[in-house]
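The block underneath contains the structure these notes are about, expressed in structure tokens.
The values are calculated or read from the model by the stated rules, or taken from the named source; none is laboratory data. Treat the numbers as computed from the prediction; the structure is a model and nothing was measured. Here the Cβ is made from the backbone with ideal geometry for all residues, glycine too, and neighbour counts use every protein chain on show.
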Amino acid sequence: MGANANNTKGARGRVVVTGVGFITPIGNDWADVAASLREGRHGFGRVEFFGNPNVPVKIAGTVRDFTVDSTNWRDWKWPAHHEIARETLRGLAPHGVYAICAIDQALAHAGLPREAVANEDATGLYCASAGSAMMLHGHLKQMDQTRGERGNPMGVVSSICGTLNFNLAAHYRITGSVCGFVSACASGSHAIGYACDDIRLGRLARAVVVAGEELNAETLLPFAAMRALSSQSDPALASRPFDVARDGFVGSCGAVALILEDAGVAAARGARVLAEIAGWGQAADGHSVAMSHPGGRGLANAMKRALADAGVRADEIDYVNAHGTSTPVGDRAEALALKSVFDTNKKQPRISSTKGLTGHPLSLSGAMETAFCVLLMNEGFIPGNPHLVNVDPVCEGLDLPRTTLNERPGVVLNNSSGFGGSNVCHVLRAV
Amino acid sequence: MPSQSFDTNPSEKLARYKPEVREAYARFCATGDVEAVQIVILAMVREHLPKPSDAPITDGQRLIEDLGYDSLAVAEVVFAIEDTFGLRIETSEIMQISTVGSLKAFIARKLGPQGV
């Protein structure tokens, strides 16, 4: 398989999605995720950390059928039909287990055996992960206990930020480009964007994009220290993007994988094409280490750049999957950014934040929501904002449906924003 | 009695191992029985095989060439041995170990004179 198979020199390739895989709080396969999104079914469960009822985090988006809360991989459990060899497990973080299950599912969805991406120089791997704070904590504690005399040899590769790309590159025998993205909550979208560029530039024929996040005290509670998490214990009240009473995000976890291919390469192998990634854009806030620009400056620019890259007018967008984490500052900034991009006198896109159902899985969110958009375009509906009761007045003029709409979106925009004011948007087109 | 400070409760460090391995560890801790150490080392070698196998492991087998160990797996099993027996094994010493037998002999030497 050669990269750029159907492109003449200088022409930009088209990028299509041919497979997705879901390990998420709202389902571990396409059908389950589709049902949850359509029915407005959240994926929240009660959590307790340190056995301490005083910890101010009561619920989170939890993943079913996995047990990965130990720092020792020998304790982990995952669905038996996913084969993960010991030589892979020994270097993984918990979210690496999710990631392998998501990739295997995405490859199968794309009609590709594992062998099709192994030792194939035109296949790349693009990963989004913040590493594993839990594994890092465990390994460093062990090192502290021996006063630096010894530590687990797999401590580095199972915990630092590149853990997904290190492990998955070896596991899947990836010989094209391999890279990782660490722009916090925009990481997953960055991974997709740069994978698209490498395909469009003819450097690759195919990319496996995967993003993962885990849920444990070490990952989540530092956000409580920032006062960024909802303190609600009622799942219907905790994550309510764009509601006037929103009080923070709900942490969550999982992994999502997407198989991106050059359109010509996908056509040549007779692949089922799920959607086209028509363009993407990014722009920064230049404002704060953790807070969104109050007017949504960077996010608005990122949306405009994505639209321009895709050659799509704002009034052609049918649906926006908002970043909408349910934080007071972030949602306000996004609402203002949306209003600066979409002329309220013209056709408005439907807007919803699926984080109302999933919570916010940080590095995973951009890839997860892009995959949700792919699903929605194929299933023919737009998810609502089921936890939205009293719309924040700042959202006036935006179309925020409460319930699912049986409308098939043809052109979709997905927003993501990360710490440091890193904003990334994608435009997807139905095929 | 061994002079080092061992964890004599085998249900802790060797919780994932078979009862006979935990019993061997407890026996070594109680009596300094070097033969018991061999049982534990062999079980650890098996536990850290990159590709799990129930095939017999013999002293003459080389960790890398015959048992499929890579350098990370060697580091892992050495770490497990260090942690279990409270030893410190230098990288230069690891480089001298090639077979299962040489590993067992090396650990016995490390533990032997000081440990009994």
Can you pull out the residues in segment B:33-65 that are over 18 Å from B:PRO19 (Cα atoms), free of Cβ contacts under 8 Å to residues at least 12 places away in the same chain and away from chain A (no Cβ under 14 Å)?
B:ALA55, B:PRO56, B:GLU65
Would you kindly identify the helices (runs of 4 or more DSSP H) lying entirely within segment B:44-116 that contain at least 3 residues that are surrounded by 16 or more Cβ atoms within 10 Å (Cβ to Cβ)?
B:71-85, B:100-115
Of all residues in segment A:78-124, how many are touching a Ser or Thr at 6+ places or on another chain (Cβ under 7 Å), buried (at least 24 other Cβ atoms within 10 Å of the Cβ) and not aliphatic (A, V, I, L, M)?
4
Just name the residue that is surrounded by the most Cβ atoms within 10 Å (Cβ to Cβ) out of those in segment A:355-414 that are under 15 Å from the mean Cα position of the chain (by Cα) and part of a loop (DSSP other than H, G, I, E, B).
A:PRO361
Take A:VAL17 and tell me if it is touching a strand residue (DSSP E or B) at 6+ places or on another chain (Cβ under 6 Å), of a type in the set (A, V, I, L, M, F, W, C), surrounded by 20 or more Cβ atoms within 10 Å (Cβ to Cβ) and touching a residue at least 60 places away in the same chain (Cβ under 8 Å).
yes
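Is at least one residue of segment A:17-39 in a loop (DSSP other than H, G, I, E, B), touching a Ser or Thr at 6+ places or on another chain (Cβ under 6 Å) and modelled with pLDDT under 95?
no
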Is there a residue in segment A:137-158 that is buried (at least 21 other Cβ atoms within 10 Å of the Cβ), of a type in the set (A, V, I, L, M), under 30 Å from B:ILE89 (Cβ atoms) and more than 14 Å from chain B (Cβ to nearest Cβ)?
no
Can you name every residue in segment A:97-111 that is hydrophobic (A, V, I, L, M, F, W, C) and either free of Cβ contacts under 8 Å to residues at least 60 places away in the same chain or at positive phi (or both)?
A:VAL97
Scan segment A:161-178 and report the pairs whose first residue is touching a residue at least 12 places away in the same chain (Cβ under 8 Å) and whose second residue is part of a helix (DSSP H, G or I) and among the small types (Gly, Ala, Ser), with Cβ atoms within less than 8 Å and a gap of 6+ or a chain change.
A:THR163/A:GLY96; A:LEU164/A:GLY96; A:LEU164/A:ALA99; A:ASN167/A:GLY96; A:LEU168/A:GLY96; A:LEU168/A:ALA99; A:VAL178/A:ALA169
Looking for something acidic (Asp, Glu), in contact with a helix residue (DSSP H, G or I) (Cβ under 9 Å, 6 or more places away or on another chain) and surrounded by 24 or more Cβ atoms within 10 Å (Cβ to Cβ) - is there at least one such residue anywhere in segment A:305-320?
no
